[in-house]
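To keep things clear, I will list the structure first and then write my remarks on it.
Every number in this text was worked out from the coordinates using simple rules, so none of it is lab data. On a predicted model such as this, the values are computed, not experimentally measured, just so you know. Virtual Cβ from ideal backbone geometry, glycine too; neighbours counted across all protein chains shown.
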Amino acid sequence: MSLSPDHDPRQGTQECYNDLEGNKRLVGKFLKRVPAFRSLSDKRINQLINDFTIHTFHAGETVFYQTDNSTDLYIILEGGVKVTLLSEEGEEFVLADLHQGDFFGEMSLIDGKPRSASVIADEDSTFAVLERKRFLEAIKHDPEIAIDLLKSLVERLRNATEREESLAFLAVQQRLVRLFMKLAKDEGMKTAEGSYVVKKRTHKEIAERVGASRESISKVMKRLISNKRIIEDGDRFLISRDLFEDLDVQG
Ligand code: CMP
């Protein structure tokens, strides 16, 4: 696909691509996988594709900041992002990691209020972007989009409730085990011995996802590594299934 960059002054360093046919193929491939558009006919999907623009960001670039006034919806065609809250001191709390096929920006899209969180590209990423006006028109045309979007919102709310429960009731080690359980489920390859292999994360990255200090994560990780619940293997973690049994025992 030959894409020609065309800088969009609305949103920082992003690039916008105008190869219409290439865009259509890319957006069409993913639109059916986005829950909000799942129930649309192929004909409607093909019409809707024309309303999207394509934007790319490099790893580490901010797509938008919490409190920004933008209202577009983003679908991840390639790459991944973290949805994050930043304290004034520059500390981060990562609310969610989103990957290919996921969407974000639906909250401001729905209520027109400022962004509830910042979104940062975790790797080089390409997004299909839909303006609020276009999305509202699409809902009027196909009300089932709204029903499907509600289901996704409820799923995010359930995840957020689970997260709040962890923060309120679980100790750092238990939160960390929960995070590893999620990683094992989402990306873990199972070995013959029943361990899970996931990408290695720094202590800082782990701390930002469990709401703990880097120092306390380092302490817990040291303990888990010394009793072989987690094994560091180059750029991977091997997670022993005993780790999850520990969580059951601790409740
Ligand atoms: P919006 O508020 O428009 O911009 C930030 C986006 O981050 C938000 O829409 C959602 O798409 C996403 N977001 C905010 N909070 C969460 C959360 N707890 N879990 C997953 N995604 C979220």
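Quick one: in segment 48-90, of everything that is of a type in the set (D, E) and touching a Leu at 6+ places or on another chain (Cβ under 9 Å), which residue is nearest to K29 (Cα to Cα)?
Going through the qualifying residues, I end up with E78.
Filter segment 54-70 for residues that are buried (at least 19 other Cβ atoms within 10 Å of the Cβ) and touching an Asp or Glu at 6+ places or on another chain (Cβ under 9 Å); which is farthest from F135 (Cα to Cα)?
F57
Of everything in segment 58-69 that's assigned to a loop (DSSP other than H, G, I, E, B) and touching a residue at least 60 places away in the same chain (Cβ under 8 Å), which residue is nearest to the ligand (Cβ to nearest atom)?
The residue in question is E61.
Within segment 217-231, identify whether any single residue is of a type in the set (D, E, K, R) and within 15 Å of the ligand (Cβ to nearest atom), and answer yes or no.
no
Within the set of pairs 6 or more residues apart or between chains, which connect a residue that is more than 24 Å from G105 (Cα to Cα) inside segment 156-169 to a residue that is more than 10 Å from the ligand (Cβ to nearest atom) and not in a helix (DSSP H, G or I) with Cβ atoms less than 6 Å apart?
What qualifies is L167/G211.
Having 2 or more residues that are near the ligand (Cβ under 9 Å from one of its atoms) and surrounded by 13 or more Cβ atoms within 10 Å (Cβ to Cβ) is the bar; report the helices (runs of 4 or more DSSP H) wholly within segment 71-189 that clear it.
106-111, 144-169
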